Amino acid sequence: MLQLICHPDTLAITVESLEVGTERMGDGGLWFRFHLEGQLDALDLGVPKAAERTDGLWQSTCFEAFLRKQDTDSYLEYNFAPSSQWAAYAFQEYRSGISELAVDTAPEILLDASEGHFAIETRVMLPTDWHDTPIELNLTAVIEETDGTKSYWALAHPPGKPDFHHKDCFALDLKAPSAA
């Protein structure tokens, strides 16, 4: 499990820790499990909704994955909400040239919660031209508390305000799957 770091300029009042596990699958899939420890009754986890593509998820509690092929400016963004809604985007370069990412299969989102922990697990299928290439990965989360306080979590943060799209946040290298 990888530890996500809270941005130093944002408050994380009720979140004790946030970790994520990831695995690259040989069939072109990526698996993620975000695990949060804290006071769940103080977090805005939304309400269950239909598992459908929805814009603007990052405006409340949302777990995200940003992927970039090495030595390119283009990247992908996946968003997963506790409501079971999701989003997927393709960017041509830093915060521009955005379009909805075509997906053949919607990500399945599984939730697990108890008094002190919350986990969201999902698997996405990468576009075909991403299957056999090394990927730089940024794993992030926006956590909103019931009082409106938001904290921003990532593997790494660039100087300044929270910016998950910044190249310095792509802190994890995933090798291409080996041919079996």
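The values are calculated or read from the model by the stated rules, or taken from the named source; none is laboratory data. Remember, predicted model here, so these are calculated numbers, not experimental data. All Cβ positions, glycine included, derive from the backbone under ideal geometry; neighbour counts span all protein chains shown. With ligands, DNA and RNA removed, areas are computed over all heavy atoms of the protein, side chains included. Shrake-Rupley method; radii C 1.70, N 1.55, O 1.52, S 1.80 Å.
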Exercise for review: Using only C-alpha atoms and all pairs of different ones, pull out the Kirkwood radius for the stretch 122-180 in Å with one decimal.
Suggested key: 13.7 Å
**Study point:** Separation between Cα centres of the stretch 1-52 and the stretch 116-135, rounded to whole Å
**Key:** 14 Å
Exercise for review: Tally up the carbon and sulfur contribution to the accessible surface of the chain as a whole percent, 1.4 Å probe, everything protein left in place.
Suggested key: 49 percent
Review point. For the stretch 11-140, what is the charge dipole size about the Cα centre, in debye to the nearest 20, if Lys and Arg each add +1 at the Cβ and Asp and Glu each add -1 at the Cβ?
Key: 160 debye
Study note, to complete from the structure: For the chain, whose charge dipole is built from +1 on Lys and Arg Cβ atoms and -1 on Asp and Glu Cβ atoms, the candidate among SER151, GLY29, PRO177 with its Cα farthest towards the positive end is PRO177
Practice item. Using the charge dipole of the chain (Lys, Arg: +1 at Cβ; Asp, Glu: -1 at Cβ; taken about the Cα centre), state which of PHE63, LEU43, ALA90 has its Cα farthest towards the positive end. Key: ALA90
Check your understanding: Over all distinct Cα pairs, what is the inverse of the mean 1/r for the stretch 1-149, reported as the Kirkwood hydrodynamic radius in Å?
Key -> 15.9 Å
Revision key, fill the gap. One finds the C-alpha centres of the stretch 140-160 and the stretch 77-101 to be spaced, in Å, by 17 Å
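Counting Lys and Arg as +1 and Asp and Glu as -1, each charge on the Cβ, what is the dipole of the stretch 67-180 about the Cα centre in debye, to the nearest 20?
Values: 8 positive and 19 negative charges, 46 e Å.
Here the size comes out at about 220 debye.
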Revision key, fill the gap. Which residues qualify? For ASP44, with a placed amide H closer than 5 Å and at least 5 residues away or on another chain, they are GLU144, GLU145, THR146
Exercise for review: Calculate, for the stretch 88-127, the solvent-accessible area per residue in square angstrom, rolling a 1.4 angstrom probe over the heavy atoms of the protein chains.
Suggested key: 59 Å²
Check your understanding: If you average 1/r over all unlike Cα pairs in the stretch 76-178 and invert the result, what Kirkwood radius do you get in angstrom?
Key -> 15.6 Å
Check your understanding: Can you give the accessible area per residue of the stretch 1-55, in Å², using a 1.4 Å probe?
Key -> 54 Å²
Practice item. Can you spot the lysines whose alpha carbon is less than 20 Å from LYS69's alpha carbon? Ignore those fewer than 8 places along the same chain. Key: LYS167, LYS175
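So what's the net charge close to LEU110: Lys and Arg +1, Asp and Glu -1, counting the other residues with Cβ under 10 Å from its Cβ?
Result for the local shell: -1.
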